[in-house]
Structure formats: structure tokens, C-alpha cells
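This report refers to the structure that appears directly beneath it.
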Amino acid sequence: MNRFIRSTLVAVTALVATGAVAAGKYSPGASDTEIRVGQTMPYSGPASAYAAIGKAQAAYFQMINEQGGVNGRKITFLSLDDGYSPPKAVEQTRKLVEQDEVLLLFNSLGTANNTATQKYLNAKKVPQLFVATGASKFGDPKNFPWTMGWQPNYVAEARVFAQWVLKTRPDAKIAVISQNDDFGKDYLRGIKEVLGDKAAKMIVLETTYEVTDPTVDSQVVQAKSSGADVLMNIATPKFAAQIIRKAADIGWKPVQLMTDVSASVGAVLTPAGLDKAKDLISASYLKDPTDARFKDDPAMKAYYAFLKKYMPGADPKDSFNAYGYNSAANLIHVLKTCGDDLTRENVMKVASTMKDVELPLLMPGIKVNTSPTDYYPIAEVVLIRFDGQQWQPFGDVMSGR
Amino acid sequence: MTPALRVGGVVLAVAIAAALPFFLTDYRTFQFTQALIYAIVLLGLNLLTGYSGQISLGHGAFYAVGAYTAAILMDQAGWPYWATLPVAGAVCFGFGFLFGLPALRLHGHYLAFATFALAVATPQILKYKGIEHWTGGVQGIVTLKPDAPFGLPLSQDRWLYLFTLAIAVALFVVAWNLVRGRVGRALVALRDHPIAAEAMGVDAAFFKTTVFGISAMYAGIAGALGGIAVQFVSPDAFTTLLSISFVVGIVVGGIATISGALWGALFIQFVPNVADQISKAAPWAIYGAVLLVFIYAMPGGVAWMLRRVAGSLRRA
Amino acid sequence: MEAFLHQLFAGIATGGIYASIALALVMIYQSTHHINFAQGELAMFSTYLAWTCVEAGLPWWAAFVLTVVASFVAGAVIERVVMRPVQHAPVLSVVIVFIALLVILNSLAGWIWTYTIKTFPSPFVMPRALENPWLSAHEAGSIGVTLAVLVALWAFFRFTRLGLAMRAAAQNPVSSRLAGIRVGQMLMLGWGLAAAIGAVAGMLIAPVVYLDPNMMAGVMLYAFAAALLGGIDNPVGAVLGGFIVGVVENLAGAYLVGTELKLTVALALIIGVLVFRPTGLLGRRTVVRV
């Protein structure tokens, strides 16, 4: 049978089938029985630590499917390896859209990779939902109406830190150690925005490290000798831990602020040494699964039950698991709200009109909010201080919007 | 095989390659465009490593320079995409030639290290704030994808594939003539019997630096095409892994062969995808295992094995 | 001045890291005339073994000995099973086998132990009298161990018949075979020793950079640089190269060019030196017979 006849037959059968059930409006990737969700993740290569997110999400969708799916439709989750390389991400994203026909792209990881696919997805009008990066550029509905961020963006968080420093230590001398990429640069921008004219005077040292550097000892020594009394630790987990440890080892005790990217007790502070991390300040929007205060929290109990059943052997201390769990929960919320109108337009409409949505592991007081002009779903953080055992929130929920 | 038969075979192969996109979806066409682009790099690298005996673990750097040259010319000077290719090639020829000078003094592992260092330093240099104005720093540069010219009824992907194919064919012909001619003989002589060759009056320094330049030029043109096809260049796209996969490509394809560039390109384009399909948990383990199988089964690469098979068929 | 001293000692400490793994590279080069690109991943894998032992409750030094022995055996087995088929293949095919080994080990480690960083304890405690702000107990201890390995290695190649036989087997396998040297066994032994030295290096490095599958990515480049700068056939040169690279890189980053370009500048300097001394600082010049 030639291809044309066969596909026509399939189409006719499908028409008959949908006619019988008579319900939904669909874009490619959605039907009465299935919703196809695509994603690219670095399962191989230097950034493979982040792939834990994709695995947690796959497990979450499996759980949803076993509970009956989303309004009766099963989630088919296609998460492909991009090796953290933008050209590969473009290739795999095109495969997902053109060959696998997914309804939307969900939480693909990396600033460069999402930048590489952004233009393509917007031209094709495929939702690029909840990208897994805090780069501030992924919240630009005017130019890219099909692209939306998720986590608090780096600039926003940096603003919160800088405001806090200005308020509590107006005469601070600040040293900044940052990763030499968009993550570090965005942070630096946020800090400088808030400090304004005072930036030149207050920031006494800006230094960077590369992800290929074996250690950052030299940078910490440099920061100490700059005479700074506030240290901004803008680093990914391994380097954040190295910075905390080295500062303590050379007997330097500045006020140290660290990004939420690395605010994991299990993956960063324990390796650095809990005593050395005492009095560290960070910001957070997710509850730390190792925090004793949330031991009896029903959402936390459900999270542990999920890990036990669907990801046996997974490390609950790994903050990527919690990240994947929550972002997946947010996507399910959007798809549920869409009801039977699973068109790409409606997905974006629902995603851009979220009002006070609660997710299982968000810190008390933080909710998901978007509007057609605001594509930053989570923009609040709580400042937290490490007491040597666990994080203690202090002050109010602060918004970086 | 008679020369006429051989030319006929090549023409047939090109005709099939040109017809290919009309049987494929746009996405598949895009994949084959990538493979062609890699084939151009591998061809250039093979001129250097296979014929001239100089190893390079840093061709990703020249690929990056080519890609950035094209992207900057398109983004900041508004050049059409096709006009950027000669410039990318020329710039990379210059870089390659200059790099070939210290490389004259370095052999074997030392040259491998020097070129590898180039690959390692590339992302850092691309991010450097002194040139951020042109390179876009960590954010990279987003470019437009070209439409088919003269109102031809071709999708962007099919057009770019055919455009790439035309350039690849031209560069293959150039390389083929190069290795068949005086230059090729001089290079092989220098590789196998350096002292004898110099005694015969072959100017080793000139030939070796020039072939470094030509090899870099191939990588640069391919890089420009790669930047155009992906519509985006950023430091993250040009890590050491890229350079290493180029070396994997020439060895799997066949050292010191022209056709090997194609086989190697197909390998580095498609095997990682297969590995990803097989295992999400450890895709690199699958990739490495496949690589080992290839090396054990075909120590000289695919091209040499095909020649052996063809040879025994003829005898049979 | 105090800042300068801090930078200097930080450089010496990281230099010790590069030196320790560079020694493993010298070992494998002396016995096979190849540079093993997978040496770092082998060391990483060994360190995970040690970590597993320590987690299981073994005392540190027991885990250390067990890991070194296991790594020796594993190295010899890898030579016999993985490398032997390409013994007579072109150099580049061997390089590709190294790359295959590298990606396989990296991926397997991530699969088995996940990518979350782990702490690997240090066995060294600083005596009260020697406490200082410059060098931590672990840094001082690992420099000591590296120097001890260096002396052992130097003596092995210089004074033992086995060391001599191994060098001969690498340099000229055909003549060595005629002289009664079992070349195959020499290769296995060389791989085993290199893997064991790598395991020691891994266990010294992990407490500093933390244990994760990619822990060696940054270290290996500098280790190659160190080994080549000092002279790939000379253990003393490799260790010296390690310290030079560590110190120069730190001082250049802190005082000369800033951190954004320090890697590039350090590499350019090393290549510059190699152009003028193509066999490294202490490497032996080889005379090629025509």
C-alpha cells in the first residue's frame, strides 16, 4: 500500500474515532488519548549532572499516567540527549517537533541551547515552556510569545541580594566570584543595577572562574586580600562548595551570599563542611527536602513517597529531583487547566494566565503567577541563613519582579 | 577500475546525493546537511593528519572561527550568507598558517597537546570581554536562515542542503586533485621520509604550514556553513568535545583517504543519536562501545575496509 | 606580600595535584610510548572504588591499599583485553581507543554513582606545631606522597632490571623480544603500575576538588601540560612541570592577566616553551637515525 493511501486511511479512521467521542480541539501532539511532550537534556557530556531533572520528570509523568493521566490522556514524554551542545539541541528539537510531533517543548536545559532553538520554536508556534535556566532573557513575550521561563531569574535574585546588602551594610566592600558564563554575567548585572552609582565604590573585586578550572582556591585568596567584607559566591554546586571551604580554611569570615542554584544542604554544604557553611546566606523558592521543619508537611511526605516508589535509589538530597518534581507538577497543572482544548495557542494562554498557583514544594508564601506581559512564573524568593544544621528563613518573601 | 568508470561512479553518487532531500523530511535533510558539513571538516583534517602526518586535536577552534566570522558578517555588516564563506575560509587559512609555524617545531604528542590547548582555550577566548562587542560574549549570535534564491520552490532546509552539497563537492574535487598532484606527493614524502624528501629539495616548512592553512580553511568554511545551518553560534558549541569528535571521524572513516571523510561524518552525526535511543542512563558508554567495535573490526577505517572488499570481489 | 605568599602556596598545592597525575602519564609513556587520554577517568573510577570501601566502613589506609591493588589488576586487564587488539594499529587508532575508554568510564561512573559531588576524606592531620595558614594538612601530605611516588618511580627505572626491560620494550619491541624480554608482560605491568599511580593521585585529588565523574576534566589538561613541559620521559621533570604550571597559572591569574584569560595565557606560555625546547625542560633529546 503506498504511503499516501495509508496515511489517508489513518486520517479517516482518526476522524471517525474523534467523531465518536466528540470532544477536543487539538494541535499536533495531542489527541483524546495522548499528550506528547518533548525535551532536550544533557544526558551525556560535561553537564550530565543536570540530567537528573529529566529523569525525575519522566518518573513524575509515569506516576501521573498510572493515576489515570491528564483528563484521561496519557503523557508521552520524549526527553532526548543534546550533550549540552547547541547544534545538537537544534537537531533534537527539530526531531521532536517535525518527526515526533510533540505538542510542546518542556523544561529543556541550558541558556545557550534554549537560545539556539528559541527562534525556530517561535516561528513554528510551538510552546517552549518553562525553560530550565534562570537567564533573564527568557521572559520576553513581546518578541518571543511562545517562550516562557520558570524558576526565579538570576537578575531578579541578584537584585534581592543587593537590596539586602544595601539595607544591612551600606558601607560594605563586596568581592564577587562568578562563573564566566551567562549565569555569572546576569547575576553581576542584577547586583550592579541595584547598587547604581555606588557599585564602583562598593565592589572592590570582580573575579571569575571557568567550569574547566580544577579549583578556585586562587580566586578565594584574591577575594580575601581585596579587603572585602562581603563575598558574593555566584557558582555552580561543586565550585560553590570549594569557595565556602577555602574561605574557612584560610581563616576568612566575610558575610557570604550564595545563589539558590547551589543552596542544597546535601549536595553543597555537606561537602563543604557544615561548620564552615555556618551563617551563609542564600535565597530559596523551594523547600529543602532535608529540612527537618518540613518533616510532617503533607507535600513533602508525598514527595518522599514518590521518590520511593518511582525513583528507587534516587538521592532525596539531590535538589535536582525536587526541581524536576515541581516543574513537572506545574506542567500538569497547565495541561489539566487546558481541559479539552489542547491547542498550542490555548496552552500558551493558560500558561500566561496562571494566578496564585501552588506547587507541592514551593516555600510557604510563594506562588506561581503570570500574565500576558509577565513571563516569569516564579519571581519571589525567601532569604535564608544556614544555622549549621539547616536553612532558617528570615524576613519576608521578597520579589525580584 | 578504469578512470571513466570511476568518474561515472562519482557522478552517480553526487546525483543520488542531490536527489536525496526530495525523498526526506526537512528535519532529516537538516541532519544530512550537518553530516556534509562535518565531512568538509574531516576532509581538511585528513589532509593535515592523513597526508601530512601532523595531528590536530584542535580543529574545533578553526571551525569556531569560521562560524563566528560568518555570523558576525551577517549580523553586524548585513552580508548575505554566501558571501561570508570565502572570508571565513581566508581568515581560517591565515590562522592555520600562523599556527602551522610553531607547529613545525612540535612533533607527535607535543603537537597533539598544542592543538588540544587551542581547542581548550577557544571558548574562553570567544567569551573574552575585549571582543564581546563582536562576538556577543556568552550570549552568542543568532542569525537568519537563508531562503532559496530566484524564487525556487525549495524549503530552506532543502536549499541549504543543496548549497552545502555543491560546496562540499567542489572542496572534495580540490582535495582530490591536491593529493594526486605534486603537493600530495611532496606531503606524503615528507610524512614518510622527511630527511630524504628535504634532500630532494622539498621545502618542508612551506608545505607543512601551507597544508595547515588549507586544512584550517576547510574547517573554517564548514564552520561558516554550520553557523548558518544552526542559525546560532555561542562559545558552548565549540568545546573540546567537538575537536575530539573530528579526530574520531577521520579515524573511523579512514586515515589518508578522501572518501573516509564521508563515512566519518555519518558516524559522528548519527551514532550519538543511536546511543541516546539505546540508553538514557549512560549514552556515552554505548557510544564508546560502538567506537571500540568499529576500531577493532576496521582498524584502518571504513574506507580501507571497503577497498579491501572491493579488491577481493574483483579477484573473485 | 601576605597575599602573594597565599597565591604562591595555593599554586604549589594545585601544582602538586597536576604533578601526581602527570607521574601516571610518565609511567604509561615509559612502558608503551603512548599518552593515555583516559588516565584521568581511570583514576576517577579508582577513587570511586576507594570511596565505596570507605563508605562501607573500611579504615582509610585499608581502602587505599585495596584500591591501589585493584587498580593495578584492572590496569593490566585493560591492557590485555582492550589495548592488545590495537597493539600494531596506527597511533591514531590507539588514541581513539583511549577516547572510547574515557567516555565509557565517565558514563559508567555517572550511572553507578550519580553526578552529585561526594566528599572523599583526607587521611592527613597536621601536627599542632606545624599548623599554618599557607598549607593545609592535606596539601602538605599529598605533596609528600607525590614526592615519595616520584622517588620510587625514578629508582625503579634507574636501578631495577625490570624498569630497564620495560623501557626497552617500549622503545624497541622487536629487539627487546630478541633479547628475551617478554614484551606483552611488560606492557601489562606498565599499565598496571600506571593505573595504580593514577589511583593514588585520584585519592589525593578527590579531597580537594570533590569526587564526581567529571572531576578530572580540568585536571587532565594541566597534567598533560605538566608532563610535556617537564619532559614526558622524565618523572622528575613531570613533577617539576606540575609545580611550575600550578604556580604560574595562579600568579598570572591573580596579578597579570586576570582570571578570564589565565587559562589561555598559561597554555600559550607552555607552548612557547615547547617551541624552544621541543622535548620539555628535562626531556632527553632523541637522535633519529636515518
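One table, with the values for the structure above:
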| read-out | value |
| --- | --- |
| Top positive-direction residue, dipole computed over chain B with Cβ charges, set B:GLY301, B:PHE212, B:TYR38 | B:GLY301 |
| Whichever aspartates and glutamates have a C-alpha closer than 15 Å to that of C:LYS118, once near sequence neighbours (fewer than 8 apart) are set aside | A:ASP315, A:ASP318, C:GLU55, C:ASP212 |
| Given charges at Cβ of Lys, Arg, Asp, Glu: chain C dipole, positive-most of C:ALA195, C:ALA223, C:MET44 | C:ALA195 |
| Whole-angstrom gap from the stretch A:323-337 to the stretch C:69-109, using each part's C-alpha centre | 44 |
| Exercise: per-residue mean of other protein chain Cβ atoms within 10 Å, C:143-149 | 0 |
| Exposed-loop-free span, longest in chain A, where GluC sites (Glu not before Pro) count as exposed if DSSP calls them loop and at most 15 other C-beta atoms lie within 10 Å | A:102-357 |
| Built amide H within the under 5 Å cut-off of A:VAL70, gap 5+ | A:ILE75 |
| Label-point gap, in nm, between A:THR343 and B:ARG182 - each point 7 angstrom along Cα→Cβ | 7.0 |
| Assigned charges on the beta-carbon of Lys, Arg, Asp, Glu; the protein assembly as shown dipole about Cα centre (debye) | 2320 |
| The stretch A:154-284 shape via C-alpha gyration tensor axes, a/c threshold 1.5 | rounded |
| Rounded, prolate or oblate (a/c below 1.5 giving rounded, otherwise prolate when a/b exceeds b/c) for chain B by Cα gyration tensor | rounded |
| Whole-Å distance, taken between Cα centres, linking the stretch C:175-247 and the stretch A:377-401 | 46 |
| Check: chain B dipole with +1 on Lys, Arg Cβ and -1 on Asp, Glu Cβ, in debye | 860 |
| Highest to lowest packing among A:132-142, B:188-198, scored as the average C-beta count within 10 Å | A:132-142, B:188-198 |
| Amide H partners (placed H, <5 Å) of A:THR147, local residues excluded | A:GLN128 |
| Relative packing of B:157-170, B:252-265, which averages over residues the other C-beta atoms within 10 Å, highest first | B:252-265, B:157-170 |
| Distance from the stretch C:146-174 to the stretch B:68-124 (C-alpha centre basis), Å | 41 |
| Proximal aspartates and glutamates relative to A:LYS95, as straight alpha-carbon distance under 20 Å, when same-chain residues fewer than 8 apart are discounted | A:GLU34, A:ASP81, A:ASP82, B:ASP26, B:ASP157, B:ASP276 |
| Reachable aspartates and glutamates, given that their alpha-carbon falls under 13 Å from the alpha-carbon of A:LYS253 and they are not under 8 places away in the same chain | A:ASP229, A:ASP275, A:ASP279 |
| Prolate/oblate/rounded call for the protein assembly as shown, Cα gyration tensor, a/c under 1.5 rounded | oblate |
| Test item: C:134-142 mean partner chain Cβ contacts at 10 Å | 1 |
| FRET efficiency, 1/(1 + (r/R0)^6) with R0 45 Å, evaluated for C:MET126 and A:LYS355 via beta carbons | 0.15 |
| Computed FRET value (nearest 0.05) for B:GLU132 with B:LEU101, which takes r as the C-beta separation and R₀ as 30 Å | 0.55 |
| Helix-derived mean residue ellipticity, 222 nm - over the protein assembly as shown, DSSP H n ≥ 4, -39500 (n - 2.57), to 500 | -19500 deg cm²/dmol |
| Highest average packing first - C:214-222, A:331-339, Cβ atoms within 10 Å | C:214-222, A:331-339 |
| Student exercise, chain C dipole from Lys, Arg, Asp, Glu Cβ charges, in Debye to nearest 20 | 1180 |
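Since every read-out is calculated from the coordinates, none of them should be taken as a lab result. Computed from a predicted model, the values in this text were never measured in an experiment. Glycine also receives a Cβ, built like all others from the backbone with ideal geometry; neighbour counts cover every protein chain displayed.
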